[in-house]
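This report refers to the structure that appears directly beneath it.
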Amino acid sequence: MSYHWIKIFENEDAMHNNLMLGKPQSIVIKGNKICVARTNEGVYAVADRCPHNGASLSHGQCTEKGEIVCPMHRYPFDLKTGRTTSGLTMNVLTYPIKFEENGVFVGIKAKWWEL
């Protein structure tokens, strides 16, 4: 799988200063609205749209179990896998995160015509 790696923070210190523990944020990259969240286990990125009713997951909250909870109907999603952990809804799309010397990056899947 090929990705476009887009820098979201200049370094880990900038990430820690701007992305508060348990407080998700919304970013837009290449037309994709993405929810970025930092937990005790790491940093994760998922689509910023609940598949159930379209609410912005970045307006939700993180749990100690590593979930993001939809603010509208309280559906929880595992931040690592995107799978719903209860309820009857679809999973949420996840995006990979990588840490490099020159920054923190999120991966956006390249379209077939970009390969």
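The values are calculated or read from the model by the stated rules, or taken from the named source; none is laboratory data. The shown structure was predicted, so the numbers you read here are calculated from the model rather than taken from an experiment. Reconstructed Cβ throughout: ideal geometry from the backbone, glycine too, with neighbour counts over all protein chains shown.
So in region 1-23, with the set limited to residues that are assigned to a loop (DSSP other than H, G, I, E, B) and among the small types (Gly, Ala, Ser), which one is surrounded by the most Cβ atoms within 10 Å (Cβ to Cβ)?
Within region 1-23, the first condition is being assigned to a loop (DSSP other than H, G, I, E, B), and the residues that meet it are 1-2, 10-11, 19-20, 22-23.
If we keep only those that are among the small types (Gly, Ala, Ser) too, we end up with 2, 22.
On the way: SER2: 10, GLY22: 14.
Ranking the candidates gives GLY22 first.
Count of region 49-87 residues, restricted to those that are hydrophobic (A, V, I, L, M, F, W, C), in contact with a Gly (Cβ under 9 Å, 6 or more places away or on another chain) and assigned to a loop (DSSP other than H, G, I, E, B), is 4.
Out of everything in region 24-39 that is out of contact with any helix residue (DSSP H, G or I) (no Cβ under 9 Å at 6 or more places or on another chain) and either of a type in the set (Ser, Thr, Tyr) or at negative phi (or both), what residue ends up being surrounded by the fewest Cβ atoms within 10 Å (Cβ to Cβ)? Show your work before the answer.
Here is the first cut: in region 24-39, the ones out of contact with any helix residue (DSSP H, G or I) (no Cβ under 9 Å at 6 or more places or on another chain) are 28-32, 39.
Still in the running and either of a type in the set (Ser, Thr, Tyr) or at negative phi (or both): 28-29, 32, 39.
Numbers: VAL28: 9, ILE29: 17, ASN32: 17, THR39: 19.
Per the stated criteria, the residue is VAL28.
In contact with a helix residue (DSSP H, G or I) (Cβ under 8 Å, 6 or more places away or on another chain), closer than 18 Å to LYS109 by Cα, at pLDDT 95 or above and of a type outside the set (Val, Ile, Thr): does that describe ARG49? It is true that ARG49 is in contact with a helix residue (DSSP H, G or I) (Cβ under 8 Å, 6 or more places away or on another chain), closer than 18 Å to LYS109 by Cα, at pLDDT 95 or above and of a type outside the set (Val, Ile, Thr).
Scan THR89, THR81 and give me the residue that is modelled with pLDDT under 95 and of a type in the set (S, T, N, Q). Explain how you work it out, then say what you get.
Details: THR81 fails: modelled with pLDDT under 95.
Just one listed residue meets the conditions, THR89.
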